[in-house]
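Structure, as structure tokens:
Values in this text are rule-based calculations from the coordinates and carry no lab data. What you see is a predicted model, and the numbers here were worked out from it, not measured in a lab. Note that we place each Cβ from the backbone using ideal geometry, even for glycine, and neighbour counts take in every protein chain shown.
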Amino acid sequence: MDSSDDMHDANDIESLDEDFYSDDVPMDYYSDYDDDAADDYFDDADDAERVFSRRPEQSFMILKESDIQRRQDEDVNRVATVLSISKVSASILLRHYNWSVSKVHDAWFADEDCVRKAVGLLEQPIFQCPNDEEPTCGICFENYPRSKIAMASCGHPYCISCWGGYIGTSINDGPGCLTLRCPDPTCGAAVGQDMIDLVASDEDKHKYGHYLLRSYIEDNKMSKWCPAPGCEYAVTFDAGSANYDVSCLCSYCFCWNCTEEAHRPVDCGTVSKWILKNSAESENMNWILANSKPCPKCKRPIEKNQGCMHMTCTPPCKYEFCWLCLGVWSDHGERTGGFYACNRYESAKQEGVYDDSEKRREMAKNSLERYTHYYERWASNQSSRQKALADLHQMQTVHIEKLSDTQCQPESQLKFITEAWLQIVECRRVLKWTYAYGYYLPENEHAKKQFFEYLQGEAESGLERLHQCAEKELHPFINDDGPSREFNDFRTKLAGLTSVTKNYFENLVRALENGLSDVDADGATSSKATSSKNAAGSSKGRGGRGKGTLRSSLSNRMSDDSHWFCEQCTYANVKSATACQICNHQRR
């Protein structure tokens, strides 16, 4: 493995994809804000930067190559010390038990002889060479002085050259060399790293060490390699965590359970079905069924994309037929409706002759249109997220420094911009997977579907406002020649939109993880869906696309002693304000 020094700058990107919505994963984005500020909406610009949650305990750990090597050496030393065996023997034991120290100890103290036999650790040699003779190599059958002979724990003699060929071939065959045994077919003695170091070439030693290091991660159920292409970081995971999202130092965020890209709040089963559907041929067949008909003669599918009903199949068939009734065209003419209609088809349809085939075609067309609707939006948000990641990197490496000079403010006071972009990146990821969730939401659960579309629509509109503000409204300040009086107002607006958007997506994620259980059997939203935990914490009762009970909670909290809440973005405005300070929505 290469050194981790040539990886990306961890300070810039290690937290790009951390989840915003769980107490089980770290939230590096907002650790500079006051811990108590998440419970209250801010009243002015100074409080706008103090609205984010406290940082919970991390449920995973990223390991560099040096970390893996250190842990591996510590486990080997621990087993060797406790069992009073060599480090080579300890390494063989640990590999056999998938690098579990506890399993090695339990098995060893339960039945040492059985473990030794299974692993190939012999206490005494099973073959003795006479001291007064030159040993004979068991492979090439040549006699050699003892200095040219090497033996495993079993005592079978082989010359250095034959050992080198045997071990080199095994190493070149792959990681199976880690369980290498004595060349004698009847012997099960293990060949350890001491023999590798003695007879193998430098290249083979390097390969063996590489396999040994990788086995520490790949054989351990509690660790995995980051699945990102080219990444050489490993991850250990806390099995007690309810959230499987892991954010690697290479900036890739993936699901520990299925190793696909992070997809919370959608479960792994839904993601697996969606990815399979995107790559399968089923949608191609649906398209063919929905948009083509088979030639009545050769049965090849034909698409009609324009023109009249007179169809001619491609050579060598060249069969001419009517697109509607599939009858031979020579029987058609003005008496059957001309070139753009078919009376025979209409009369047969009324008699029910074409009902089944037309219904299948219509169903395939509807299914294809529905899939296309969700897939296009899924792909669009993926594209937007990639663009946002590029914009975030540009902001961190170029624009922040320039903005600091232009507006005469330290970079520490411009963190609200980076935090807004981090929020955009995360929200794009969540929004993308909600379209996969929506595709598999049962059509007959109308109340849940309506509630889901409401929450998704509110979250999406909030994200678009935030993205618009961060992308378009910031650039004039970057290009200014000097400090701008409007910059503090922009700070308040962007920080406020970041907080509001976070609230929208918290509600969306929470609802989907609960299976939209806030909707009862009668189609109404429960009290959990229509009440707020605190003034800043709920968006389920906001306006927009909501209907009925979804909207009612807003009126219940439209006023207090000193503030009124915006119907559009829920910002807490002072009573004297006639328009929202965040979105300029007029007070009603």
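State whether region 179-219 is rounded, prolate or oblate according to the following rule on the C-alpha gyration tensor (a ≥ b ≥ c being the square roots of its eigenvalues): a/c under 1.5 gives rounded; otherwise a/b larger than b/c gives prolate, and the remaining case gives oblate.
Numbers: a/c = 2.96, a/b = 1.34, b/c = 2.21.
Note, shape of region 179-219 comes out oblate.
Rounded, prolate or oblate: which fits region 145-218 when a ≥ b ≥ c are the square roots of the eigenvalues of the alpha-carbon gyration tensor, with rounded for a/c under 1.5 and prolate only if a/b beats b/c?
Note, shape of region 145-218 comes out prolate.
Could you pull out every one of the lysines with an alpha carbon less than 19 Å from that of Lys297, ignoring same-chain neighbours closer than 8 positions?
Within the straight-line cut-off, Lys297 pairs with Lys318.
Past the 31 Å Cα-Cα mark, which pairs from Lys304/Lys448; Lys148/Lys224; Lys293/Lys432; Lys415/Lys575; Lys472/Lys502?
Long pairs (Cα-Cα over 31 Å): Lys304/Lys448; Lys148/Lys224; Lys293/Lys432.
Could you give me the percent of Cα pairs per 10 Å distance bin for region 197-279, shortest bin first, beginning at zero and ending with the bin that holds the maximum distance?
16, 37, 27, 13, 6, 1
Across region 419-433, in residue order, what do the Karplus-derived ³J(HN,Hα) couplings come to in whole Hz, using 6.51 cos²θ - 1.76 cosθ + 1.60 with θ = phi - 60° and x for Gly and Pro?
Once θ is set to phi - 60°, the couplings for region 419-433 become 5, 4, 5, 4, 5, 4, 4, 5, 5, 4, 5, 4, 4, 4, 6 Hz.
Could you list which residues have their amide H under 5 Å from that of Val519, counting only those 5 or more apart in sequence or on another chain, with H placed in the peptide plane?
Ser526
Please compute, over every Cα-Cα pair in region 435-526, the percentage with a separation greater than 16 angstrom.
The calculated P(r) of region 435-526 puts 62 percent of pairs beyond 16 Å.
Would you mind checking which residues have amide H under 5 Å from Val191's amide H? H placed 1.01 Å from N; only 5 or more apart, or other chain.
Result for Val191 returns Leu180, Arg181, Cys182.
Can you tell me which of 387-397, 90-100 comes out highest on packing, and rank the rest after it, using the mean Cβ neighbours within 10 Å?
Ranking the peptides 387-397, 90-100 by packing returns 90-100, 387-397.
Sort out for me the Cα centre separation of region 444-489 from region 374-388, rounded to whole Å.
Cα centres, region 444-489 to region 374-388: 16 Å.
Just name one of Phe237, Phe141, Pro185: the one whose Cα is farthest towards the positive end of the charge dipole of region 125-266 (beta-carbon charges, Lys/Arg +1, Asp/Glu -1).
Sorting the options by dipole projection puts first Phe237.
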